[in-house]
Every structure is written in structure tokens, then in C-alpha cells.
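Read-outs: derived from the displayed coordinates by stated rules, not from any lab. It should be emphasised that the depicted structure is a prediction, and the values quoted were computed from it without experimental measurement. Cβ: placed from backbone, ideal geometry, glycine included. Neighbour counts: every protein chain shown.
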Amino acid sequence: MTTQLDFFSAAEASGIGNLEMDAGPKIERGGASSGSEALARQLEATGNYRILRRLPRRPVVEHARPGFSRKGIILDTETTGLDHRRDEIIEIGAIAFTFNDAGEIGDVTGVYGGLQQPSVPIPADITRLTGITDDMVAGQMIDITCLRSLIEPADLVVAHNAGFDRPFCEAFSPMFTHKAWACSVFEIDWAARGFEGSKLGYLIGQSGYFHDGHRAVDDCFALLEVLGQTRADVSVAPFAELHEASQRSRVRIHAENAPFEMKDHLKARGYRWADGSDALPKSWWIELPEEGLDDELHFLRTEIYRWDADPLVRHLTAFDRFRRA
């Protein structure tokens, strides 16, 4: 009791002594009562507190609203490691939703989450990160039929780091191979929207929420909510930006056989090295918007090769991007 009295004395001294404390508001499971929400708002109004609210899940509807004719998927995987050629998926989460041509999100129409037992024990660091244990996945298998019913009708598959999730998903099942993919990490300018980072935890926290992270379905719902929100200084929601980016063609330029002494210049320019073990040829490479092709070829010919070289150029759409061998 002494500690409680001291708390209210400190609260009064800090300028929140006028908070109206109701007598034990009833807290609903999965949400806050009107009393606790009022208390949170009063705390925020002092300027001394920022309150994070539990991220609500959008309801799943049987009949989607008209006007949202496109079908999307928010997808997340948990795996035994980082190498899609060696490691395995242990959990897939997928949320089906509708959207329109303007990139406005409609309704959630389906949810799937499933665990799968890998062929090897789950590494301890993966269990620490995800909370998934060997006991949880024992005898478990992802329901391919249920997952396919969501994936096959989709016009766009969205993942938060599609360069990671797409290779794992394509290794898991061919249902993912011929889909258009979008990456909510790299195809949205989060900094221009006032966010300090692109990790999902940053995005959720700076949007005023918290959630149970690193479980696939929870992360999917969290990402969908962030993609659908607008901030005071940006009128276009992140998903509209992502949808537009997914429709643009990009180019991947491979500076094959570039002089070794030019590697630091290429790295400074944003080129990455491919050792030939993936789908990329052995080369320094960069991916750019299509309109930057001429300038980049001029750079390579005048500053790297010093002759009229003809580097390999691949034109990429959302059906090609984020794929690995």
C-alpha cells in the first residue's frame, strides 16, 4: 500500500495528479476497456508519456466489400537458418486481403498459420528468436491444400524482406514460383515517412503499437496494419506506395569481368558481389529503376571498364524480383 501511495504522490508532483482513476475498470481479453483507454489518453496528454497499444487484429470476413477486386497476401516464414538451399521452413503465416487499383486495402478474407517439423533439430538461437521449440513442431506439417487456396488466387505476395522469404517459399512449393512479389522493406521509403528504421519492430512501435513478434501470423497482421496506416504528414498509405513500386520495371546490371582494382569504386556505388552460386552470374551487380539505366551504363563504360563495354542487363518485374536459385 505504501508503494501505491508513493506512486500517486509522484504522479501528482509530475503534473498528472488530476487523473481520474476509476474503481477497477474491467479489462476485456485482447483489448482495453474504455476506462483504461481514457487513462492512457490522459497520460499521453501530459506530454510525459507515450503509450503503446496492443495491435488489434483485423476481422476475417466471409464476404469482402465491393470495390476491392485485387487479392493480396501478407506472408511470413520462420526457418531453421538463413540459407534457403540448406535450411528449412518451420512456420508459415499468410493473410489474404483485398485491395483496389489505387492501393487501398479492403478486407481480410483468410488466414493460415502452420508449423512444420524440420529434418534436423531447431537451433537454439532460432528457438530464442521465435519461441518455436522442437516439441511444438513434432509431428507437424504445413497444410499445402489450405495454403494453396490462399496463394493461388493472389495478384501480389508481400513479404517484409522478400529477398529472404521468396527463395524459401519457392524451395518449399512451386505454388510460389510464378507469383508477383513485393518487398515492404526495400520498396517503401520508410525514412521519408518519418520512421527511424525499416524493421517491423520499429514500424510497429513508431505507429503506437506493440505485438507478439517473431511468430508468423502475428507478424503478418502487424505488417498489414502498418501498410494500411497513414501519418499526419503523408497522405498516401505505405501499401499504395508498395503497390505502385511493384508495377514498375527495374533493371539489374552485372559488371562482369570488371577490373579487380575497381572493386572499391563499385562497392561505393552500391554494387554487390555475386560469387556465381545463386541465380546471379559471377559479377558485381546493382539493381536500379529502369530510368537509371543509361546513366549507370555511362558510369561503367567511362569509370570502370574505360571502354565501350556492354554489361549484362536484366529487366525485372515483380514476377522476377527477389528470386534466388
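Listed values, structure above:
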quantity: Helices (runs of 4 or more DSSP H) completely within region 94-180 that count 3 or more residues being touching a residue at least 60 places away in the same chain (Cβ under 8 Å) and under 26 Å from Tyr202 (Cβ atoms); calculated: 162-172
quantity: Test: residue in region 284-306 that is loosely packed, with under 14 Cβ neighbours inside 10 Å, part of a loop (DSSP other than H, G, I, E, B), free of Cβ contacts under 8 Å to residues at least 60 places away in the same chain and not charged (D, E, K, R); calculated: no
quantity: Residues that are surrounded by fewer than 16 Cβ atoms within 10 Å (Cβ to Cβ) and not in a helix (DSSP H, G or I), drawn from region 267-283; calculated: Gly270, Arg272, Trp273, Asp275, Gly276, Ser277, Asp278, Ala279, Pro281, Lys282
quantity: Selection count, region 307-323, where residues are surrounded by 17 or more Cβ atoms within 10 Å (Cβ to Cβ) and in contact with a Leu (Cβ under 8 Å, 6 or more places away or on another chain); calculated: 2
quantity: Number of the condition not met by Gly67 [criteria: (1) in a loop (DSSP other than H, G, I, E, B); (2) within 25 Å of Pro153 (Cβ to Cβ); (3) under 20 Å from the mean Cα position of the chain (by Cα)]; calculated: (3)
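Here is a yes/no grid of residues against (1) without any contact (Cβ under 8 Å) to a residue 12 or more places away in the chain; (2) part of a helix (DSSP H, G or I); (3) of a type outside the set (A, V, I, L, M, F, W, C):
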{"position": "Phe186", "(1), (2), (3)": "no, no, no"}
{"position": "Gly197", "(1), (2), (3)": "yes, no, yes"}
{"position": "Ile204", "(1), (2), (3)": "no, yes, no"}
{"position": "Gly213", "(1), (2), (3)": "no, no, yes"}
{"position": "Val217", "(1), (2), (3)": "no, yes, no"}
{"position": "Ala240", "(1), (2), (3)": "no, yes, no"}
{"position": "His243", "(1), (2), (3)": "no, yes, yes"}
{"position": "Asn257", "(1), (2), (3)": "no, no, yes"}
{"position": "His265", "(1), (2), (3)": "no, yes, yes"}
